[in-house]
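Report on the following structure.
The values are calculated or read from the model by the stated rules, or taken from the named source; none is laboratory data. As the structure is a prediction and not an experimental result, all values here were calculated from the model. Don't worry about glycine lacking a Cβ; one is built from the backbone with ideal geometry, like all the others, and counts go over all protein chains shown.
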Amino acid sequence: MTAVIITIGDELLIGQIINTNQAYIAERLNTVGVDCRRMLTVGDNAADVLAAFEEGLRTAEVVCVTGGLGPTHDDITKRMVCEFFGTDLVMHEPTLEHIKVLATRRNIAMLQSNIDQALVPRTCTVIPNPVGTAPGMLFEKDGRYFFVMPGVPYEMKEMVDHWILPFLEQRNNGMVVRHRTLKTTGIGESMLANEIGPVEQIIGTDGSITLAFLPNPMGTKLRLTVKDPSAASAQQKLEAAEAALRARTERYIYSDDEKELEDVIGLLLTQRKATLSVAESCTGGLLANRITNVPGSSAYFLGGFIAYHNDVKMKELGVPASVLEQHGAVSKETAEAMAIGARTALGTDVALSVTGIAGPSGGTPEKPVGLCFIGYADADSSFAMKFNFGDNRKRFKDRATQAALELLRRKLLKMN
């Protein structure tokens, strides 16, 4: 099956609201074997909305529409679908009762505009909205499915996940779809593709398996998708393709699900009954923040230092003044001393440190903006590694914390 996703609203066209609905719907449809062919965004203009509806049904078997179902004058979607499908509005009593319950629970008065939200096109199948007041709708025409949902993201997600996906899965010609996502870090997309080599050796040539590279500042996701009429065959193909990928990229893979790197670090530290401390300069506490995002992290993370000024590096971490004078705050020697100091001060098994020039100013020809050193210390060794994370301050901090956690992961797994 193929799909067109249509999002409606002036606020989307003027950039007032970021259009996250399209990405979510496309990703979720893909999990049941429905491929998005096109995405359309139109404003609250009747002619544009009708033109989008026509293009959607002309292009794909599935059309998903979001937006314009609210109670205000600029919410025109219900009127447009009635015109498009040649029907009228009728009161849907179950929806009206649901709205009354919500109004009572929230202690708000029922306005006529609230009651009108229970009006639905006569010929549609109503999609319940347990978390809001505007119901969704399904129209079927010539073997094609036309879904209409609210634009509120959490209401749309409720309908997609619990109503639309099961509906489509039952009607997708018995095709079984399996996915596996491998999350990598510490290597760029181009280098990763080079490590993998010819993708045909992994996914074959019959078209039943696809491999997508999904890069972001933290790394690259490798997403395998298998479509097969047989569940057993689909699983077998998925496992074989994953094994082939891992044989080429294992050292860069830190997760085969949606776990973040800090979750993986927490598991590794817990398994080893090891404790961690950190010393941060340029990341300003972001590394500690990521570590403590994991529930139960107090079992292995004892604490950290934000040593932004050199005086704090010397006083709290014991970094020698001679090191700072000779090598500077952003140096291999200082990063290593910071890690040793954090470990000594808090008595942990391992420690990490980060120092760098996040920019956009402060760089020199010898030490440019983006330069970063990440330090490590344990009972047997200490060292620091040099990186450059670019001149965007936020991306610099994100990448620095990711690299620090990846360095720790490889040390805990005894990787080079």
Per-region count, region 242-279, residues over 17 Å from residue 219 (Cβ atoms) and free of Cβ contacts under 8 Å to residues at least 40 places away in the same chain: 7
Looking at region 142-245, what strands (runs of 3 or more DSSP E) fall wholly within it and have at least 3 residues that are closer than 30 Å to residue 390 by Cβ? 176-184, 209-216, 219-228
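Yes or no, residue by residue, for (1) assigned by TED's automatic domain parsing to the domain that holds residue 68; (2) not charged (D, E, K, R):
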position: 137; (1), (2): yes, yes
position: 141; (1), (2): yes, no
position: 144; (1), (2): yes, no
position: 152; (1), (2): yes, yes
position: 157; (1), (2): yes, no
position: 185; (1), (2): no, yes
position: 193; (1), (2): no, yes
Could you figure out which of (1) in contact with a Lys or Arg (Cβ under 8 Å, 6 or more places away or on another chain); (2) in contact (Cβ under 8 Å) with a residue 60 or more places away in the chain; (3) within 26 Å of residue 16 (Cβ to Cβ) isn't true of residue 55? (2)
Just to check your reading of the model, which residue among 59, 87 is at pLDDT 95 or above and in contact with a Pro (Cβ under 9 Å, 6 or more places away or on another chain)? 87
Can you tell me which residues in region 280-328 are aliphatic (A, V, I, L, M), in a helix (DSSP H, G or I), surrounded by 14 or more Cβ atoms within 10 Å (Cβ to Cβ) and free of Cβ contacts under 8 Å to residues at least 24 places away in the same chain? 288, 312, 314, 323, 324
Residue ID - surrounded by the most Cβ atoms within 10 Å (Cβ to Cβ), chosen from residues in region 374-399 that are farther than 19 Å from residue 340 by Cβ and hydrophobic (A, V, I, L, M, F, W, C): 396
For region 100-110, check the following and say yes or no: at least one residue is assigned to a helix (DSSP H, G or I), crowded, with 17+ Cβ neighbours inside 10 Å and among the charged types (D, E, K, R). no
Being hydroxyl-bearing (Ser, Thr, Tyr) and buried (at least 17 other Cβ atoms within 10 Å of the Cβ) is the filter; apply it to region 339-373 and report the residue that is nearest to residue 383 (Cα to Cα). 353
Those residues of region 391-416 which are part of a helix (DSSP H, G or I), under 19 Å from residue 266 (Cα atoms) and either among the β-branched types (Val, Ile, Thr) or without any contact (Cβ under 8 Å) to a residue 12 or more places away in the chain (or both), in sequence order: 401
Out of the residues in region 247-258 that are under 17 Å from the mean Cα position of the chain (by Cα) and surrounded by fewer than 15 Cβ atoms within 10 Å (Cβ to Cβ), state the one that is modelled with the highest pLDDT. 256
Being of a type in the set (Ser, Thr, Tyr) and over 13 Å from residue 33 (Cα atoms) is true for just one of 190, 208. Which residue is that? 190
Every residue from region 75-95 that is farther than 26 Å from residue 56 by Cα and crowded, with 17+ Cβ neighbours inside 10 Å: 92, 95
Can you confirm whether residue 171 is basic (Lys, Arg) and under 22 Å from the mean Cα position of the chain (by Cα)? no
